[in-house]
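A.B. asks: There's a structure below that I have some questions on.
The values are calculated or read from the model by the stated rules, or taken from the named source; none is laboratory data. Please read all numbers here as calculations on a predicted model, not as lab measurements. Methodologically, a virtual Cβ is constructed for each residue, glycine included, from the backbone with ideal geometry; neighbour enumeration extends over all protein chains shown.
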Amino acid sequence: MRILVTGGAGFIGSAVCRRLVGERGESVLNFDKLTYAANLASLAPIETSPNYRFQKGDVADAAALTAAFEAFEPDAVLHMAAETHVDRSIDSARPFIDTNILGMFTLLETARAYLGKRSGLARKFRLVCLSTDEVFGSLGPDGLFDESSPYKPSSPYSASKAAGDHLARAWAGTYGLPVILINTSNNYGPYQFPEKLIPLITLAALEGKPLPVYGKGDQVRDWLFVEDHARALDLILAEGAVGETYMVGGRGERTNLQVVQTICDVLDDIAPRPGAGSRRELITYVEDRPGHDVRYAIDASKIERTLGWRPETSFEAGLARTVRWYLEREDWWGPLREQYAGQRLGRVTAS
């Protein structure tokens, strides 16, 4: 299978590329703009593979995207290019509108034109679009998001992703594009840019800095190990049903405070601070994020039942593996700290 992956130099995208090329032997074109959160070093394990190609390009650039389609002639597209950090969307929403909405529109139109010239391909072609559970807003203390949950986004990021989801469904319904939509929970694992909670806290704890926890730290998230997610995306590409939506979650609900405390405990165990106490002493409660959703949780029973996928990595095992990876891979994250040192983003100030 020839798979065009948009955003393949990002966190989840690089994990999928490593799996598709390195483990499955698929032919992959990685089309990525190389924004701040993208890192070609994450593709080092496959960069010399004859089945892997990289092309720098913006998913909102119709000419560049069309050229990539025409040259590579994919059998499937895995659309993962996105701006994803809520705090950055609060600081500046425009990049999220450009990539997550205009980029989705451009991709859909490019795929439609591509298939319009290849009627025989349309029967097997798949356009798999990755989205987030954040489009559904905040859950109460009970219940789970499923494929029928109503949309109620709370941040500029989640609103832009919701708009992209609606466009994908509309182009499927109107033009017959073979779309499959995926909503996933919070991913974590190696190669994640250190603005996200787990690498942010891990690196701050290593450096003995304060560990910021928004509000009381009682926000609940469902955590999914990125390599489990990559397996799910691989399976959906091969066996997912056109027109369907799949929820992909890790069944790993934890409060943000529990996550931070567990990182401290893992580090204290494998890299104790000589002459110092537990890193839990570094936890510092800070002003909460504006519009912070209280709880997300995913019901992944549909993909478990229909495709046989299940998360294989427990949160405890995945987190320990992730923390150890960051301990060992300063060569990967060290240069990133020069452009982002862990400072607070997403503050709303009075105009």
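A.B. asks: Looking for whichever is farther than 25 Å from Gln343 by Cβ, part of a loop (DSSP other than H, G, I, E, B) and touching a residue at least 60 places away in the same chain (Cβ under 8 Å) here; the options are Pro272, Pro311, Pro290. Which one fits?
C.D. replies: On inspection, the qualifying residue turns out to be Pro311.
A.B. asks: Considering only the range 44-57, I want to know if a residue exists there that is under 21 Å from the mean Cα position of the chain (by Cα), among the basic types (Lys, Arg) and crowded, with 19+ Cβ neighbours inside 10 Å.
C.D. replies: Looking for residues that are under 21 Å from the mean Cα position of the chain (by Cα), among the basic types (Lys, Arg) and crowded, with 19+ Cβ neighbours inside 10 Å, one finds none in the range 44-57, hence no.
Conditions tested, residue by residue: (1) closer than 25 Å to Asp75 by Cβ; (2) among the hydroxyl-bearing types (Ser, Thr, Tyr).
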{"site": "Ser148", "(1), (2)": "no, yes"}
{"site": "Ala163", "(1), (2)": "no, no"}
{"site": "Tyr191", "(1), (2)": "no, yes"}
{"site": "Asp222", "(1), (2)": "no, no"}
{"site": "Glu244", "(1), (2)": "yes, no"}
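A.B. asks: Do you know which residues across the range 122-148 are of a type in the set (Gly, Ala, Ser) and in a strand (DSSP E or B)?
C.D. replies: Ser131
A.B. asks: Do the conditions hold for Ala9, that is, is it outside any helix (DSSP H, G or I) and touching a Cys at 6+ places or on another chain (Cβ under 9 Å)?
C.D. replies: Judged against the criteria, Ala9 is a match.
A.B. asks: Enumerate the pairs (first residue in the range 1-27 and at positive phi; second residue anywhere and buried (at least 24 other Cβ atoms within 10 Å of the Cβ)) with beta-carbon separation below 7 Å, excluding pairs fewer than 6 apart on the same chain, so at least 6 apart or on different chains.
C.D. replies: Partner pairs satisfying both residue conditions: Gly7/Gly13; Gly7/Asp32; Gly7/Met80; Gly7/Ala81; Gly7/Ala82.
A quick yes/no check of all residues on (1) in a strand (DSSP E or B); (2) among the polar types (S, T, N, Q); (3) modelled with pLDDT of 95 or more:
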site: Tyr114; (1), (2), (3): no, no, yes
site: Gly120; (1), (2), (3): no, no, no
site: Pro150; (1), (2), (3): no, no, yes
site: Tyr157; (1), (2), (3): no, no, yes
site: Gln192; (1), (2), (3): no, yes, yes
site: Ala204; (1), (2), (3): no, no, yes
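A.B. asks: Can I ask one more? So, in the range 325-351, how many residues would count as being in a helix (DSSP H, G or I), surrounded by 16 or more Cβ atoms within 10 Å (Cβ to Cβ) and of a type outside the set (Phe, Trp, Tyr)?
C.D. replies: 1
A.B. asks: Find the residue count for the range 314-324, including only residues that are loosely packed, with under 15 Cβ neighbours inside 10 Å and part of a helix (DSSP H, G or I).
C.D. replies: Residues meeting the conditions: 2.
A.B. asks: Might you check whether a residue that is hydroxyl-bearing (Ser, Thr, Tyr) and within 29 Å of Gly176 (Cβ to Cβ) occurs anywhere in the range 95-107?
C.D. replies: Within the range 95-107 (the criterion being hydroxyl-bearing (Ser, Thr, Tyr) and within 29 Å of Gly176 (Cβ to Cβ)), the answer is yes, since at least one residue qualifies.
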